[in-house]
Amino acid sequence: MYPGKMDRCTVDGEEVQAQEGDFYGGWITGRITGPFKGAPGTGGW
């Protein structure tokens with residue numbers, strides 16, 4: 001499930017943030033720290 005395709009997604013009551021970009025489908029919450037793939041310039045990771 002890609003959270004960016006939904007109106008709202010939650011994990012344990014916290015609204016998740018979609019990972020940047022169209023390829024990665026990550027769910028980012030306050031418990032997770034980056035850096036995260038998907039932002040401009042991060043394709044070579």
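Scan region 15-45 residue by residue and report those that are at pLDDT below 70, over 18 Å from Lys5 (Cα atoms) and surrounded by 11 or more Cβ atoms within 10 Å (Cβ to Cβ).
Hit for region 15-45 is Thr42, nothing else.
List the residue pairs whose Cβ atoms are under 6 Å apart, where the first residue sits in region 20-45 and is assigned to a loop (DSSP other than H, G, I, E, B), the second is modelled with pLDDT under 70, and the two are 6 or more positions apart or on different chains.
Gly25/Tyr2; Lys37/Tyr24; Lys37/Trp45; Gly38/Gly21; Gly38/Tyr24
The values are calculated or read from the model by the stated rules, or taken from the named source; none is laboratory data. Keep in mind that what you see is a predicted model, and the values were worked out from it rather than measured. Virtual Cβ from ideal backbone geometry, glycine too; neighbours counted across all protein chains shown.
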